[in-house]
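The next block holds one structure in the form of structure tokens; read it before the comments.
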Amino acid sequence: MANRPFGFETRAIHAGATPDPATGARSTPIYQTTAYVFDDVDHAASLFNLQTYGYIYSRLTNPTVAVLEERIANLEGGRGAICVASGHAAQLLAFFTFMEPGASFLASNRLYGGSLTQFGRTFAKFGWSAGFVDMRDPDNFRRALTPETRAIFVESVANPGGEIADLEAIARIADEAGILFIVDNTMASPYLCRPIEWGAHMVVHSTTKFLGGHGNSMGGAVVDSGRFDWSKSPKYATLTEPEPAYHGLRFHETFGDLAMTVHGHAVGLRDLGPTMAPLNAFLTITGIETLPLRMERHVANAQAVAKFLAGHEAVSWVSHAGLPGSPFQALAAKYLPKGVGPVFTFGLRGGYEAGVRLVERVELFSHLANVGDTRSLIIHPASTTHRQLTEEQQTAAGAGPEVVRLSVGLETAADLIEDLRQALAAG
Amino acid sequence: MNHDSYDDAYLRGILRSVHTIAMVGASPHWNRPSYFVMKYLQTKGFRVIPVNPTAAGETILGERCYARLADIPDPVDMVDVFRASVHAPEIVEDAIRIGAKIVWMQIGVRSDEAAARAEAAGLKVVMDRCPKIEYSRLVGELGWSGVNTGVISARRRRAI
């Protein structure tokens, strides 16, 4: 029989997780081990030479983490994935693969504040330079290209502002320039948006958010599409030139479309070391099994809450692409047909002070710096996540002084609306 | 048949039926892709006979290397092509002549003309694939490295 294409819900439960071959255990076992015995010296040599498959040391690979990697790769439509300790580690590992001192990349200026800081300040210490571009006009990327540019980076749905990137248009610009297009798909999750289908070469995630979904495990993932031709340009020598640490092996020639996935483990995790803990992988695997159900409810609740806020007198604007009149409605319909995510911002007429007051008065929304939890979350970015940025940067990132961000959870929508009503009404 | 994609059952059937593989273009150097594939297939119980005129008479991974397919004294089930696509037609002719049942061309190697010729002679053909990757994908080992195998099953994994 022909290979049957399985549906998203089936793959969210089964991809990567056939029953444990050793025991038949149906749930994925937590392989809480640091190392693995070799059959003999020749087996060990084959493993260290990357000639065969197997586990050596959990800094590189672990059977529980591998199940999560395959599952995320499958749901995103990628060739493979590397799971790491956090979303920031995912970005570090992705860029580490092909950046070097003097190289540069372009990033949307509509990014999670922590990413703006990581790219703009910390990456600069490695000699990697990031140029920030207003992604609302994709041609801004084309105009900012230089001979040193090696990648374009955007968030599919920007955190916190909810702006939606025109993935297909940006992918075309990257292809014409022969450079990588990397998309952070954390806010949408692969249930709502799959950037590789629109031409992204790589997808990164903070699995801490909707994939895990329960606010209980840190994690990150780099998904490689396997579609980027590393050998076409001398810019990507890491994967095309002989690797001295593996006796002159060339990753792209040897592993073909698996080159990035193999390199991410064999060099990236080996040398940078941000391993995902097996327990976190297990919790995230379990979380993903209900991703489709959770995202449906997240989307519905967020739509109801956004509609309530849009009609409230204390609120000056709501940036939710599902509302009538949103400038991102067309892009949302194209890239997120099942609904935009439950993370969005709104502005308070009362400015910075009103934002501080609101987060201190809610009873059901948790005031904390995270998104993508079963619980509803609230934060005032200007006083927390984005406080290290200048007011100009805050505004550019969609996190000006009057802005409040919500991550709408899975509680009863009427309870969430009532909580916001009382907190906005008070004094 | 269509060579743009292969059913898992087709690939499984081939890998289950094969015992002896002649690898045309096998390298004696340990860090070359063909060496990786040969070594892996040996650990899975296949006998792999290297074919490479520049290494003829040498021993690669315990097997004597031959200059041409026709020089191999033992029966060969499958010919694995580790050469550029332009060489595929002549290798297929040799494969037919020595009685091989399958011609398998590595990733990046494709010749629809050679495939049609092999199929007309009753051979099965796989192109632009690696037997190491396909074997490991179908038994689940490829997923150990975080690769999307595309295999969805609630059955306990077994040998190929």
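Here is how the numbers come out for the structure above:
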item: Residue check for A:Ile82: part of a helix (DSSP H, G or I) and within 18 Å of the chain's Cα centre (by Cα); result: no
item: So A:Gly127, is it within 14 Å of another protein chain (Cβ to nearest Cβ) and at positive phi; result: no
item: Residue ID - surrounded by the fewest Cβ atoms within 10 Å (Cβ to Cβ), chosen from residues in the range B:120-134 that are within 14 Å of chain A (Cβ to nearest Cβ) and basic (Lys, Arg); result: B:Arg129
item: Helices (runs of 4 or more DSSP H) completely within the range A:164-258 that count 3 or more residues being touching a strand residue (DSSP E or B) at 6+ places or on another chain (Cβ under 8 Å) and not hydroxyl-bearing (Ser, Thr, Tyr); result: A:167-177
item: Filter result for B:Val79 (crowded, with 22+ Cβ neighbours inside 10 Å, away from every other protein chain (no Cβ under 14 Å), within 12 Å of the chain's Cα centre (by Cα) and within 23 Å of B:Ser5 (Cβ to Cβ)); result: yes
item: Of all residues in the range A:31-46 being within 11 Å of chain B (Cβ to nearest Cβ) and part of a helix (DSSP H, G or I), the one that is farthest from A:Tyr191 (Cα to Cα); result: A:Asp42
item: Residue check for A:Ile82: aliphatic (A, V, I, L, M), touching a helix residue (DSSP H, G or I) at 6+ places or on another chain (Cβ under 6 Å) and facing chain B (nearest Cβ under 9 Å); result: yes
item: Residue in the range A:336-345 that is out of contact with any Ser or Thr (no Cβ under 6 Å at 6 or more places or on another chain), over 20 Å from A:Pro190 (Cα atoms) and among the charged types (D, E, K, R) present; result: no
item: Hey, A:Leu50 more than 9 Å from every other protein chain (Cβ to nearest Cβ), within 22 Å of A:Pro244 (Cα to Cα) and under 30 Å from the mean Cα position of the chain (by Cα) or not; result: no
item: Options B:Arg97, B:Arg137, B:Arg117, B:Arg110; residue that is touching a residue at least 24 places away in the same chain (Cβ under 8 Å) and within 14 Å of chain A (Cβ to nearest Cβ); result: B:Arg110
item: Extreme residue, farthest from the other protein chains (Cβ to nearest Cβ), among residues of the range B:1-35 that are surrounded by 15 or more Cβ atoms within 10 Å (Cβ to Cβ) and of a type in the set (D, E, K, R); result: B:Arg12
item: Matching residues, the range A:268-300, being assigned to a helix (DSSP H, G or I), among the hydrophobic types (A, V, I, L, M, F, W, C) and touching a residue at least 60 places away in the same chain (Cβ under 8 Å); result: A:Leu269, A:Leu272, A:Leu279, A:Ala281, A:Phe282, A:Leu283, A:Ile285, A:Ile288, A:Leu291, A:Met295, A:Val299, A:Ala300
item: Filtered residue count, the range A:362-389, keeping only those that are more than 22 Å from A:His205 (Cβ to Cβ) and acidic (Asp, Glu); result: 1
item: Candidates A:Ala165, A:Ala188, A:Ala171, A:Ala144 - the one that is surrounded by fewer than 20 Cβ atoms within 10 Å (Cβ to Cβ) and at pLDDT 95 or above; result: A:Ala144
item: Residue list for the range A:1-30, restricted to those being of a type in the set (Gly, Ala, Ser) and either more than 7 Å from chain B (Cβ to nearest Cβ) or more than 21 Å from A:Cys83 (Cβ to Cβ) (or both); result: A:Ala2, A:Gly7, A:Ala12, A:Ala17, A:Ala22, A:Gly24, A:Ala25, A:Ser27
item: Residue in the range B:58-76 that is of a type in the set (Asp, Glu), away from chain A (no Cβ under 14 Å) and touching a residue at least 60 places away in the same chain (Cβ under 8 Å) present; result: no
item: Candidate set: the range A:97-134, residues that are in contact with a Lys or Arg (Cβ under 6 Å, 6 or more places away or on another chain) and outside any helix (DSSP H, G or I); chosen: the one surrounded by the most Cβ atoms within 10 Å (Cβ to Cβ); result: A:Phe105
item: Spans of strands (runs of 3 or more DSSP E) in the range B:70-160 with at least 1 residues basic (Lys, Arg); result: B:124-126
item: Residues of the range A:47-63 classified as more than 14 Å from B:Leu142 (Cα to Cα) and assigned to a helix (DSSP H, G or I), total; result: 1
item: Among (1) surrounded by 23 or more Cβ atoms within 10 Å (Cβ to Cβ); (2) within 26 Å of A:Asn216 (Cβ to Cβ); (3) small (Gly, Ala, Ser), the one test that A:Ala300 misses; result: (1)
item: Index of the failed condition, B:Ala88 passing every other in (1) among the small types (Gly, Ala, Ser); (2) buried (at least 19 other Cβ atoms within 10 Å of the Cβ); (3) closer than 19 Å to B:Ser17 by Cβ; result: (3)
item: Yes/no for A:Arg79 being basic (Lys, Arg) and within 27 Å of A:Gly162 (Cβ to Cβ); result: no
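The values are calculated or read from the model by the stated rules, or taken from the named source; none is laboratory data. For clarity, every value in this text was computed on a predicted model and none was experimentally measured. When we count neighbours, we look across all protein chains shown, and the Cβ atoms used for this are built from the backbone with ideal geometry, even at glycine.
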